[in-house]
Amino acid sequence: MKPRLAGSILLLNLLLLSCSNQPEGDPPREPVFDIAGMSAADRIEIQNQEESTLIDVQSPTGIGSARFELEEGDMPARLVVRLHLGGLEDFRISSSSGETTIAASFSTSEVFNRYNQRIILSGREFPITPLNPLWLEMRVVSEEAARSVPLKEGYFEITLPAKFLEEAGGSFEMRWIDFYR
């Protein structure tokens, strides 16, 4: 191989290698939320992790709400809520416009030990299934063998759907009730 051709191939390979390591666009900026409307007894912590944001809710009364306003950064691609409650009779997440509200509950009876989800449009509720892009991924996280409700330890983990985060823009509201009193 001629020296000139070998040098050109080496230069081309170095150029291609350097281009492949360049990030596409700017990386997402870490979100910073202002939290309002919550009870003084409730404690809400936000942790930004590599590819997601975690909202950890401690609610001693079991009934509460909070509004989240994105002050700076970008809305996370994945947002996970941990509710440290004994049960989950009602959970609602609403976009800032109020156009999209998703409601969910966890049945505590032995026969119906499952999640029910609905979307609320113009004041009317409609059931949704896992095929709906607004379906909430929900699970009980506990080290208790039976994982029975009411939980003595552990929490309900809810991953908000990407479609909801897109529609919410920069703000949303959450409401929760552990058990109706």
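Throughout, read-outs are computed from the coordinates displayed, never taken from laboratory work. In this text, all values refer to a predicted model and were calculated from it rather than measured experimentally.
Here are the numbers for the structure shown:
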{"item": "Nonlocal amide H pairs with Thr53, under 5 Å, H built at 1.01 Å", "result": "Arg78, Leu79, Val80"}
{"item": "Mean separation of Cα contacts under 8 Å (6+ apart) over length of the stretch 24-104, as relative contact order %", "result": "30 percent"}
{"item": "Karplus (6.51, -1.76, 1.60) ³J(HN,Hα), θ = phi - 60°, over the stretch 78-94, in Hz, Gly and Pro reported as x", "result": "9, 10, 10, 10, 10, 9, 8, 9, x, x, 9, 6, 7, 9, 9, 10, 10"}
{"item": "Volume in Å³ per residue [convex hull over Cα atoms, computed for the stretch 27-181]", "result": "123 Å³"}
{"item": "Vicinal HN-Hα couplings computed from phi for the stretch 127-134 (Karplus, 6.51 cos²θ - 1.76 cosθ + 1.60; Hz; Gly/Pro x)", "result": "x, 10, 10, x, 6, 6, x, 9"}
{"item": "Other-chain or far-sequence residues with amide H under 5 Å of Met38's (modelled H)", "result": "Arg67"}
{"item": "Gained length - Glu157 relative to Arg175, 0.36 nm times residue gap less alpha-carbon distance", "result": "5.0 nm"}
